[in-house]
Amino acid sequence: MFKVETYSDSREKNYDLLIKQLKALVEDEKNAIANFSNASALLNQFLDRVNWVGFYLMEDGELVLGPFQGLPACVRIPLGKGVCGTAASTQETLRVEDVHAFPGHIACDAASQSEIVVPMIKDGQVIGVLDIDSPEKNRFDELDQQKLEEFVDMLLQYIS
């Protein structure tokens, strides 16, 4: 049974605890949707000042909405479009301080002001992205990026 943790240490140590919790949640489960679902719930519980946490998964050459926490979202995103599609096509994490200044930003939730998108790459192929939105500008920093990339790397070890 999962127990809500109080994260009271440094941000880096809290992220390390989060990644250990993720491993405990997914290491014995083979179903990818279950693992993406638990991962999005875990992140939503851990992160403060966010309004959307979830996954878009590659299907037929575009990103399709996967498990998430937040308001209903855009269902399909073409590669190269918006922050998610751009991160998927460049295979690089994008940290956007002000989504309204991002060319071609796709506004699924009008409250979103900043965003971080981490591509999920398995066997050299993008299988999707982790997308996190915040109602605050400049919410995500280098530590968030580093640790969310580690979070995705851990998750991908248990996605077949």
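Can you go through 34, 41 and tell me which one is within 27 Å of residue 111 (Cβ to Cβ) and out of contact with any helix residue (DSSP H, G or I) (no Cβ under 6 Å at 6 or more places or on another chain)?
Of 34, 41, the one residue that is within 27 Å of residue 111 (Cβ to Cβ) and out of contact with any helix residue (DSSP H, G or I) (no Cβ under 6 Å at 6 or more places or on another chain) is 41.
Which one of these is free of Cβ contacts under 8 Å to residues at least 24 places away in the same chain and within 29 Å of residue 11 (Cα to Cα): 71, 130, 79, 94?
Checking each option against the conditions leaves just 94.
Give the residue that is nearest to residue 127 (Cα to Cα), with candidates limited to residues of the range 81-113 that are surrounded by fewer than 17 Cβ atoms within 10 Å (Cβ to Cβ) and among the aliphatic types (A, V, I, L, M).
Among those that are surrounded by fewer than 17 Cβ atoms within 10 Å (Cβ to Cβ) and among the aliphatic types (A, V, I, L, M), it is 106.
Going residue by residue through the range 16-28, is there one that turns out to be in contact with a Phe, Trp or Tyr (Cβ under 7 Å, 6 or more places away or on another chain), farther than 19 Å from residue 144 by Cβ, open to solvent by 80 Å² or more (accessible area, probe 1.4 Å) and modelled with pLDDT of 95 or more?
Within the range 16-28 (the criterion being in contact with a Phe, Trp or Tyr (Cβ under 7 Å, 6 or more places away or on another chain), farther than 19 Å from residue 144 by Cβ, open to solvent by 80 Å² or more (accessible area, probe 1.4 Å) and modelled with pLDDT of 95 or more), the answer is yes, since at least one residue qualifies.
Is it the case, given these coordinates, that residue 78 is at pLDDT 95 or above, surrounded by fewer than 17 Cβ atoms within 10 Å (Cβ to Cβ) and within 18 Å of residue 115 (Cα to Cα)?
Considered against the rule, which asks whether it is at pLDDT 95 or above, surrounded by fewer than 17 Cβ atoms within 10 Å (Cβ to Cβ) and within 18 Å of residue 115 (Cα to Cα), residue 78 comes out as yes.
Does the range 123-154 hold any residues that are assigned to a helix (DSSP H, G or I) and either under 26 Å from residue 113 (Cβ atoms) or open to solvent by 40 Å² or more (accessible area, probe 1.4 Å) (or both), and which are they?
142, 143, 144, 145, 146, 147, 148, 149, 150, 151, 152, 153
The values are calculated or read from the model by the stated rules, or taken from the named source; none is laboratory data. This structure is a prediction, so every number in the text was calculated from the model and none was measured. Neighbour counts run over all protein chains shown; Cβ positions are idealised from the backbone, glycine included. Only protein heavy atoms, including side chains, enter the accessible area calculation; ligands, DNA and RNA are left aside. Shrake-Rupley method; radii C 1.70, N 1.55, O 1.52, S 1.80 Å.
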